[in-house]
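Only the coordinates and a few stated rules stand behind these numbers; no lab work does. Please read all numbers here as calculations on a predicted model, not as lab measurements. Counting neighbours? That spans all protein chains shown, and the Cβs are built from the backbone with ideal geometry, glycine included.
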Amino acid sequence: MDTTKEQKLRLYLNQLKKLHDSKIVIEPIEKIKVDTLTLFGKSGGTICDFRGYNETEYIAFFTTLRQFMIPTEKTVNFDKVCKIVKDECDRTELVDMVTHAENAWNKLMNSPPSIGFNIDGVGNSYYELLRLWLYSGRFHTDVDKAEKWDSMPEPMRMDAEATLQARIPNLVNCLTIVGRVVIWWLDEPEAEVPPLPSAQGA
């Protein structure tokens, strides 16, 4: 493996540590949810109570997390790091572990959110909903995405944020598995590697 690829793996570990050091990972919320109360009468309306991560902390966390997700990210993108390991590592058990994490990651990103969202008559995957949230003004502004997000009723926007936040521990777990593989491969070649969950009969 050439030096450039190893540097990318080391940077991946550095960025992963930033995620692990964040309050969102250290102090996870047990149950993220939205409570709504509909009031009737002349002063009626819907009151929403969002019980999730603080938006400022969550956006700061996502400043790092999104680097693993963006296809144009040349260094720590999850798929690109997985490819380096699969192409360069000669240890089958480590490659199998990366493949396991990659499959879990793809399933999380490409499957529908826990709450189904039908926007403009089209169902959205978790990744599509995530891009809508990301590019509606939080990191970059895509006019079409911003208009779609702003046109959603408040309860729907809160449900969207809740379902996005609820999947974060699973995504971080996939990133962590690959991080551990990199450490076993580069730094701890003599360490005992646990079997995959499926191999344990889990």
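Residue by residue through segment 128-134, what is 3J(HN,Hα) from phi via Karplus (6.51 cos²θ - 1.76 cosθ + 1.60, θ = phi - 60°)? Round to whole Hz and write x for glycine and proline.
Karplus-based 3J(HN,Hα) across segment 128-134 equals 5, 5, 4, 5, 4, 5, 4 Hz.
Ordered by packing density, taken as the mean number of other Cβ atoms within 10 Å over each peptide's residues, highest first, how do 16-24, 136-144, 168-176 rank?
Highest-to-lowest ranking by the protection proxy: 168-176, 16-24, 136-144.
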